[in-house]
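Quick notes on the structure that follows.
The values are calculated or read from the model by the stated rules, or taken from the named source; none is laboratory data. Keep in mind that what you see is a predicted model, and the values were worked out from it rather than measured. Cβ coordinates were reconstructed from backbone atoms using ideal geometry, including for glycine residues, and neighbour counts include every protein chain displayed. Accessible surface is based on the protein model in full, side chains and every heavy atom, while ligands, DNA and RNA are left aside. Shrake-Rupley method; radii C 1.70, N 1.55, O 1.52, S 1.80 Å.
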Amino acid sequence: MKLYSTLDRKVVEIEPIKSGEISMYNCGPTVYSRMHVGNIRAYVSWDVLHRALLYLGYKVNRVMNFTDVGHMTEDEDFGEDKIERAASQTGKDPLDISNQYIKTVLEDFHNLNILSPSGDKVDPNWEVNQLHNYGWLRATSYVEQMIGKIKEMEAKGYTYETGLAVYFDITKIEDYTIFTGQNLDEKNIASREDVEVDPEKKNPADFVLWMKRAGKYANHLMHWESPWGDGFPGWHIECSAMGIEKLGEHFDIHTGGVDHISVHHPNERAQNIGACGHPVVKYWIHNEFIVDSDDGKLSKSKGGALTLPELISQGYDPLDLRYLFVSVNYRVQLRFSKEALDGARNARLKIFNKVLSLKESSNSHGNVLPEYRVRFEKALNDNLNMSEAFAILNDLLKSNNKSEDILATVYDFDRVLGFNLENIQKEEESLPLEVQSLLEERRKAREEKNFLESDRIRDLISEKGYKVLDTPQGQTIEKV
Ligand code: AMP
Ligand code: ZN
């Protein structure tokens, strides 16, 4: 299989360390808020990669973390811990915050047919403390391993300690800027602010391995004993420690969004070299971003950083979003808009309706059509060329083959596409636009706790022949 390797700066043939097997680590969500469509794009991308590898006959050994400590706002060393900030804003315990949002990851994965890292269908009722059975690693459960890794780096001379923190000395890694080619002076200028906080820091771009419970963090709620005093781990060390713990000192693929190319992944790579004496990861693979209509960062105010329940309440099916993300290559930057999502919805419904009519005209089991399978495999092998994969699917659906054989082939493709096509049922046509906008107004009214208004809108919707139900995942709507 070929994939785009960021360090090679080109599409390369993936040569697994162990023949026929792929070991893969995915940088996982920071569980301080619900995932937005950008995060979802990342996890749909790696779901497709996982499914494609299985389809192509590889054994996949995959893990993903939940970041529940140490990830600072703006990804800076001396920002605010995102989990602790959410805890103080809501008056909750940090553990309750991360548990709450881990559950929403399960719900979203379930609704989007994203498999767990272990390759299982996700049950939203899985116990949070059992998720290690499904390939999820929670950072706060691996602090001991993180301390172990920092000790190894310290013994080999890669670290130094100040009154506030233990740092990784990036000048010890000759090719530290390998990911971006940026020169170190520019990088140092970009990270100058942290030096003002800790004057003992040697280079602005050095990064924290262990933060002491001192200074700004004297009252940090999450803290552990360590050889450098009471404190908590930096963000980057969690991925190195957990990756090596679960996948060993050499593994095949490490993924993340393109935002990780400049800081998080160079730091992880530096730590790996510091602890093990060699780079651990063979291929670094990155997904492009979902951006707002003006190519900027996703933001709520511009209507971009939406969550799955928000989209459901606007009348979309989670699989509309899945279609939007599955049908393009992970390296294509996508502009998020209602129009794009409507287009995905229409394309998805066309496929679903065709599959339903094939089901009606089939009375026996068919056989997978080899010529289509070969073409589909070729598209996957070609750096996950998903637009080609969908073109093949559409050719197949239009072909004159026996309905049974077309269906058998579509179900075979669906192992990668993940629409659960064997179990779909007839859907209502799209919601009329006016009902969609009423639903959105009602969602806002409920968010503002204006229940009089939300009841008024419910009645308007009901006059148009639809019934709104309120569920823990948000509003749902059905035709009456
Ligand atoms: P976070 O929860 O911020 O740690 O992000 C989880 C994952 O989502 C990371 O792998 C990010 O690189 C990725 N990500 C964040 N924002 C976007 C976006 N707008 N588009 C695509 N991926 C994103
Ligand atoms: Zn990571």
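Considering each of 264, 254 in turn, give the residue that is within 16 Å of ligand 1 (Cβ to nearest atom), in the same structural domain as residue 180 (by TED's automatic domain parsing), crowded, with 24+ Cβ neighbours inside 10 Å and not charged (D, E, K, R).
Working: 264 fails: crowded, with 24+ Cβ neighbours inside 10 Å.
Being within 16 Å of ligand 1 (Cβ to nearest atom), in the same structural domain as residue 180 (by TED's automatic domain parsing), crowded, with 24+ Cβ neighbours inside 10 Å and not charged (D, E, K, R) holds for just one of 264, 254, which is 254.
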- Message: On the basis of being surrounded by 14 or more Cβ atoms within 10 Å (Cβ to Cβ) and either without any contact (Cβ under 8 Å) to a residue 40 or more places away in the chain or closer than 27 Å to residue 383 by Cα (or both), does residue 324 make the cut?
- Response: yes
- Query: Which is within 16 Å of ligand 2 (Cβ to nearest atom) and either of a type in the set (S, T, N, Q) or surrounded by fewer than 21 Cβ atoms within 10 Å (Cβ to Cβ) (or both), of 23, 118?
  - Reply: 23
- Output for region 8-37, where each listed residue is among the β-branched types (Val, Ile, Thr) and not in a loop (DSSP other than H, G, I, E, B): 11, 12, 22, 30, 37
- Query: Among all residue pairs at least 6 apart or on different chains, which show Cβ distances below 7 Å where the first residue, located in region 200-227, is assigned by TED's automatic domain parsing to the domain that holds residue 168 and the second is among the basic types (Lys, Arg) and surrounded by 14 or more Cβ atoms within 10 Å (Cβ to Cβ)?
  - Reply: 205/187; 220/213; 223/213; 227/151
- Query: Which number in (1) assigned to a helix (DSSP H, G or I); (2) more than 13 Å from ligand 2 (Cβ to nearest atom); (3) closer than 16 Å to residue 136 by Cα marks the one condition that residue 46 misses?
  - Reply: (2)
- Query: For region 193-223, which residues satisfy the criterion of being hydrophobic (A, V, I, L, M, F, W, C) and within 28 Å of the chain's Cα centre (by Cα)?
  - Reply: 205, 207, 208, 209, 210, 211, 221, 222
- Are any of the residues in region 81-103 within 16 Å of ligand 1 (Cβ to nearest atom), of a type outside the set (Val, Ile, Thr) and touching a Gly at 6+ places or on another chain (Cβ under 7 Å)? yes
- Do the conditions hold for residue 416, that is, is it open to solvent by 20 Å² or more (accessible area, probe 1.4 Å) and β-branched (Val, Ile, Thr)? no
- Given 234, 243, which one is more than 20 Å from the chain's Cα centre (by Cα), under 23 Å from residue 82 (Cβ atoms), within 15 Å of ligand 2 (Cβ to nearest atom) and buried (at least 23 other Cβ atoms within 10 Å of the Cβ)? 234
- Message: Would you confirm whether or not region 119-129 contains a residue that is assigned by TED's automatic domain parsing to the domain that holds residue 71 and assigned to a helix (DSSP H, G or I)?
- Response: yes
- Could you tell me whether region 156-166 includes any residue that is small (Gly, Ala, Ser), under 29 Å from residue 217 (Cβ atoms) and assigned to a loop (DSSP other than H, G, I, E, B)? yes
